[in-house]
Amino acid sequence: MIGVVHFEVTASGTLWVTADTRPEVNAERIIFLYLLNTIIDSNIDNIDNKLIARYSLTKYAIMFIVRNILEKDELGIQLLQNPSDFLSDGTHIFKLIKAFGGVVDDIIIDLNGEVNDLGEDFDYKSKLRDEHWVKELSRNIVSNYQKLVNRKRIKSFKEEWEDDNE
């Protein structure tokens, strides 16, 4: 099992290492998060406000929004519960990258709309550190995303995945 490793150095210089293992944290989940991180990194320059695009917490806010979108998608729930089903071979990994790319593109479009409405004096650093603001931002973007999916204006994660499956 892969988990969280803690390092502690005592006053005498002795190094103590302890590990907390969680069964849901495994190699496949790490690969899944690595792929998502890579996709976000490759698309983050599409954020209009370059200061926000370069701010490190922005990436994690986008990951949080992706998770909230996946939790509302039938196939997304399966991915969150067991990423190994989606990483079984190179074809599946390629499909996952393409499906995530579509979702992240849609999120960034909505993020641009939300941030542009706030003006240029927007204090993005304090807002991205504010749990309540990030949750509200996520609710707004996920709500807009769901509306567009329901109206068939954009593809859901499941539709993105299945389009590549054909």
Report summary line: When GLU114 is run through (1) modelled with pLDDT under 95; (2) over 21 Å from GLU131 (Cβ atoms), the failure sits at (2)
**Report entry** Residue check, GLU136 open to solvent by 60 Å² or more (accessible area, probe 1.4 Å), modelled with pLDDT under 90 and part of a helix (DSSP H, G or I)
**Finding:** no
Query raised in the report: What pairs come up if the first residue lies in the stretch 121-139 and is over 11 Å from ILE52 (Cβ atoms), the second is open to solvent by less than 50 Å² (accessible area, probe 1.4 Å) and among the polar types (S, T, N, Q), and their beta carbons are under 6 Å apart, counting only those six or more places apart or on different chains?
Result: SER138/ASN68
Query raised in the report: Just wondering, is there one or more residues in the stretch 76-95 that are farther than 19 Å from ILE31 by Cα, out of contact with any helix residue (DSSP H, G or I) (no Cβ under 6 Å at 6 or more places or on another chain) and at pLDDT 90 or above?
Result: no
**Report entry** Hits in the stretch 88-102 - residues which are open to solvent by 30 Å² or more (accessible area, probe 1.4 Å) and touching a residue at least 12 places away in the same chain (Cβ under 8 Å)
**Finding:** ILE93, PHE94, ILE97, LYS98
Query raised in the report: If the Cβ limit is 9 Å and pairs must be 6+ apart or interchain, which residue in the stretch 41-55 that is open to solvent by less than 30 Å² (accessible area, probe 1.4 Å) pairs with which residue that is not in a helix (DSSP H, G or I)?
Result: ILE52/PHE122; ALA53/ILE47
Report task. Could you list, in sequence order, all residues of the stretch 71-87 that are loosely packed, with under 14 Cβ neighbours inside 10 Å and under 26 Å from ALA53 (Cα atoms)? Result -> GLU71
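The values are calculated or read from the model by the stated rules, or taken from the named source; none is laboratory data. Bear in mind that the values here come from a model prediction, so they are computed numbers and not experimental data. Cβ: placed from backbone, ideal geometry, glycine included. Neighbour counts: every protein chain shown. Areas reflect the complete protein model, heavy atoms only, side chains present, ligands, DNA and RNA absent. Shrake-Rupley method; radii C 1.70, N 1.55, O 1.52, S 1.80 Å.
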